[in-house]
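The values are calculated or read from the model by the stated rules, or taken from the named source; none is laboratory data. Quick caveat, the model's predicted, so the values are computed rather than measured. Positions of Cβ are generated from backbone atoms using ideal geometry, with glycine treated the same way; all protein chains shown enter the neighbour counts.
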Amino acid sequence: MEMINFAKEIFNIEIEELKRVRDKISNEMMVAVKMILESKGKVVITGIGKSGIIGKKIAATMASTGTYAVFMNSAEGLHGDLGIISPKDVVIAISNSGNSDEVISIIPSVKKIGAKLIAMTGNPNSRLGVASDVVLNIGVEKEACPMNLAPTCSTTATLVMGDALSIILTKERGFKPENFAVYHPGGSLGRRLLMKVKDVMHKESALPILPIGSDVDSIILTMTNKRLGVVCIVQDDEMVGIITEGDIRRALKRREKFFDLKAEDIMTRNFIFVGEEIMAMDAMELMENRESQISVLPVLKGREVIGVVRIHDLLNVVGK
């Protein structure tokens, strides 16, 4: 219990320090946002040590949410990496003390290059703070470390300030989920927002297609062999109806005539279909958000059947 209570105490300390930093947010944030939005270049985030690690995360967040951003280790900047900075860029320098040697040492070059400089520091009156065009104050009163030495509250405050800046920029740019998905094609969100019906549909030889005059034997055999739970009925190369497993079960009620029935006797003529360019997520919504859910959709180009998509196929890529 002692360790659990101590863990909670650390959380409480960091939360309180975050509140203090939150209350310091001023018009400087607006100036920083405007500076970045008006920039014709990129955002270069720099720092050293723990601040550098946080800087990498902030750069990654910005890059994935519509702001062209990269990270440059301040020490590496002293040995040639300053070449990535152009006069059109905005540099965000992170140093809690505002006096980190490596960060301070690159300021003259940043100024000479002509880039704008935003400081994230806990000491606005530091050498970094004074040299910067804008200061975002991340100053905390204490660290969560009992010795008040290990960067804890200060790095958390820096991270949250970076998140605030990044997300404000995202909002101001009108960044949308589909934009986010472009930068995350391998993730579940990317699959949900980028995948189209044509990417998951069954096509060509896998398609269960029969002419309108087909008998029940042919329909059942095709449905069994193709294993999609549906048969598309065509006339003159145009789809005119669909037969599902449910249609077969309903037709069985007419047992005495069942094997005399033709496709046109049991097919559904007013069927739901989609085009190949519709988003997979939209197709799944069309299948589910209705009074009577459907599990299979034909995919048409004009009136020609070019594919079949099942709810199972969509769930595999879109998920819930």
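Name every residue in region 19-37 that is more than 27 Å from T152 (Cβ to Cβ) and touching a strand residue (DSSP E or B) at 6+ places or on another chain (Cβ under 9 Å), in order of residue number.
V31, M35, I36
Which members of region 99-114 meet the condition of being surrounded by fewer than 22 Cβ atoms within 10 Å (Cβ to Cβ) and small (G, A, S)?
S105, S109, G114
Output the residues belonging to region 273-296 that are within 19 Å of L210 (Cβ to Cβ) and either free of Cβ contacts under 8 Å to residues at least 40 places away in the same chain or surrounded by fewer than 16 Cβ atoms within 10 Å (Cβ to Cβ) (or both).
Residue satisfying the conditions is F273 alone.
Restricting to region 136-158, name every residue that is surrounded by 19 or more Cβ atoms within 10 Å (Cβ to Cβ) and among the hydrophobic types (A, V, I, L, M, F, W, C).
L136, I138, V140, A144, C153, A157
Would you mind finding the one in T224, T268 that is β-branched (V, I, T) and out of contact with any helix residue (DSSP H, G or I) (no Cβ under 8 Å at 6 or more places or on another chain)? Before the answer, list the steps.
Values: T268 fails: out of contact with any helix residue (DSSP H, G or I) (no Cβ under 8 Å at 6 or more places or on another chain).
It is T224.
Can you name every residue in region 56-91 that is in contact with a strand residue (DSSP E or B) (Cβ under 7 Å, 6 or more places away or on another chain) and touching a residue at least 60 places away in the same chain (Cβ under 8 Å)?
Those that are in contact with a strand residue (DSSP E or B) (Cβ under 7 Å, 6 or more places away or on another chain) and touching a residue at least 60 places away in the same chain (Cβ under 8 Å): I58, M62, A63, T67.
All but one of (1) crowded, with 24+ Cβ neighbours inside 10 Å; (2) on the phi > 0 side of the Ramachandran plot hold for N96; state the number of the condition that does not hold.
Going through the list (1) crowded, with 24+ Cβ neighbours inside 10 Å; (2) on the phi > 0 side of the Ramachandran plot, N96 breaks only (2).
What about T46, is it assigned to a strand (DSSP E or B), crowded, with 21+ Cβ neighbours inside 10 Å and of a type in the set (S, T, N, Q)? Outline the logic, then answer.
Details: assigned to a strand (DSSP E or B): yes; crowded, with 21+ Cβ neighbours inside 10 Å: yes; of a type in the set (S, T, N, Q): yes.
In short, yes.
Could you please find all residues in region 229-253 being free of Cβ contacts under 8 Å to residues at least 40 places away in the same chain and either assigned to a helix (DSSP H, G or I) or touching a Leu at 6+ places or on another chain (Cβ under 7 Å) (or both)?
V231, I233, E245, G246, D247, I248, R249, R250, A251 - these are the residues of region 229-253 that are free of Cβ contacts under 8 Å to residues at least 40 places away in the same chain and either assigned to a helix (DSSP H, G or I) or touching a Leu at 6+ places or on another chain (Cβ under 7 Å) (or both).
Starting from region 20-45, keep only residues that are assigned by TED's automatic domain parsing to the domain that holds L165, then list their pairs with residues that are assigned to a strand (DSSP E or B) and of a type in the set (D, E, K, R) whose Cβ atoms are within a distance under 9 Å, requiring at least 6 positions of separation or different chains.
Final answer for the pair search is M35/K116; I36/K116; S39/K116.
Just give me the residues in region 43-54 being within 14 Å of L117 (Cβ to Cβ) and either at pLDDT below 95 or of a type outside the set (A, V, I, L, M) (or both), in sequence order.
Just the residues of region 43-54 that are within 14 Å of L117 (Cβ to Cβ), to begin with: 43-47.
Those that are within 14 Å of L117 (Cβ to Cβ) and either at pLDDT below 95 or of a type outside the set (A, V, I, L, M) (or both): T46, G47.
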